[in-house]
Amino acid sequence: MGAVYGLAAMGITLIWGVMNVINLTHGAMIVCGMFGLYLLVNALGVPAYATLPLVLVAGFLIGVALYWIAVHRMVDRPPLMSLLSTFAVNLMLVGAGTATWGTMLFNVPVSLPRLSLSLGRYTFPGTHIMAALLAAVIAGGLFFFLHRTRIGKSVRAVAANREAAELVGIPTTRVLALSFGLGVALAGVSGMLIGTMFPFTVLAGDAYQLKSFVVTVLGGFGNPMGALIAGVGLGLVEGLATPFMPVSWTLVFEFVLFVVALLVLPGGFAKFRRVRTAA
């Protein structure tokens, strides 16, 4: 679960790192990934994990469209403008989903008993292990894309200094649209992976969006790899704490951790590590 949390948070932190925009459609995009899985499996008979590339591509295209509709004109304005714009789109998407499917519970039955693993009092279902492996593969693919491809280096250049990137001929507007599309695609894929493990509703995205913000703060805004590591850490905290406290208290503990991180390590543990190394 921590790997999936980290994958979802990578979408938020990638968008923030490139264009300083907090995407409040993130939860709705996670739900879109869940329902993409549900519709492809039940309507078209596509195997559950074969829907991943389809959800990835669809999420990217939706993200690019959202960028031109709701974000493009807000990039250089105060952060509140992009917050309100993406929040409005989020409300429209949730409202449309609720009108279409209501708030009933949906489930995609997926079972991988051969991958299941038991260690003492802890049991790791095969679907959870598969989700973690796929999340790690996607995160590795993103790292390769950002550090080893020409387009990925352009994304990093725009994140570092947009004006300088424009001076050397990088089409920054296209790069911003690409980055937003990638961020939304990551959210959609994380929702698809969550849908293979748990039932979901149209309103399920809010909880995962909040967890993504916690992970993003812990890992440091604009640091995708830090988000992945922080997501794994949060998942471990959840998994280790659940046998010793009621499930409802784990969310309280997570947000206590969130507030402490904001007060003590506002730049995330990655920035703390860099400062300690410099010292």
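The values are calculated or read from the model by the stated rules, or taken from the named source; none is laboratory data. Small disclaimer: the values here were computed from a predicted structure and weren't measured. Cβ: placed from backbone, ideal geometry, glycine included. Neighbour counts: every protein chain shown.
Values as computed for the structure displayed
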read-out: Any hit, region 103-112, residues being part of a helix (DSSP H, G or I) and closer than 27 Å to GLY205 by Cα; value: no
read-out: Top-ranked residue in region 113-148 [being in a helix (DSSP H, G or I) and among the aromatic types (Phe, Trp, Tyr); ranked as farthest from LEU240 (Cα to Cα)]; value: PHE145
read-out: Boolean, GLY36 is modelled with pLDDT of 85 or more, crowded, with 19+ Cβ neighbours inside 10 Å and either of a type outside the set (Gly, Ala, Ser) or within 30 Å of GLY102 (Cβ to Cβ) (or both); value: yes
read-out: Scan of region 174-224 for residues that are of a type in the set (Val, Ile, Thr), at pLDDT 90 or above and part of a helix (DSSP H, G or I), ordered by number; value: VAL175, VAL184, VAL189, ILE194, VAL202
read-out: Region 134-148, residues that are farther than 13 Å from LEU182 by Cβ and touching a residue at least 40 places away in the same chain (Cβ under 8 Å); value: LEU134, ALA135, ALA136
read-out: Options LEU61, LEU24, LEU40; residue that is free of Cβ contacts under 8 Å to residues at least 40 places away in the same chain and either part of a helix (DSSP H, G or I) or not basic (Lys, Arg) (or both); value: LEU40
read-out: Answer residue from region 119-173, given it is in contact with a helix residue (DSSP H, G or I) (Cβ under 9 Å, 6 or more places away or on another chain) and of a type in the set (Lys, Arg) and is surrounded by the most Cβ atoms within 10 Å (Cβ to Cβ) among those; value: ARG162
read-out: Neighbours by Cβ (under 9 Å, 6+ apart or cross-chain): first from region 149-176, within 19 Å of TRP16 (Cβ to Cβ); second surrounded by fewer than 14 Cβ atoms within 10 Å (Cβ to Cβ) and among the basic types (Lys, Arg); value: SER154/ARG174
read-out: Filter result for GLY169 (modelled with pLDDT under 90, in contact with a Gly (Cβ under 8 Å, 6 or more places away or on another chain) and on the phi > 0 side of the Ramachandran plot); value: no
read-out: Any chance GLY6 is in a helix (DSSP H, G or I), in contact with a Phe, Trp or Tyr (Cβ under 9 Å, 6 or more places away or on another chain) and under 22 Å from GLY195 (Cβ atoms); value: no
read-out: Options THR98, THR149; residue that is of a type in the set (Val, Ile, Thr), within 20 Å of GLY11 (Cβ to Cβ), at pLDDT 90 or above and over 21 Å from the mean Cα position of the chain (by Cα); value: THR149
read-out: Evaluation of VAL252 against (1) among the β-branched types (Val, Ile, Thr); (2) closer than 22 Å to SER118 by Cβ; (3) at pLDDT 75 or above; (4) surrounded by fewer than 13 Cβ atoms within 10 Å (Cβ to Cβ) (one fails), failing number; value: (2)
read-out: Cβ pairs under 7 Å, 6+ apart, first in region 1-21 and touching a residue at least 40 places away in the same chain (Cβ under 8 Å), second buried (at least 24 other Cβ atoms within 10 Å of the Cβ) and outside any helix (DSSP H, G or I); value: ILE12/ASN23; ILE15/VAL21; ILE15/ASN23
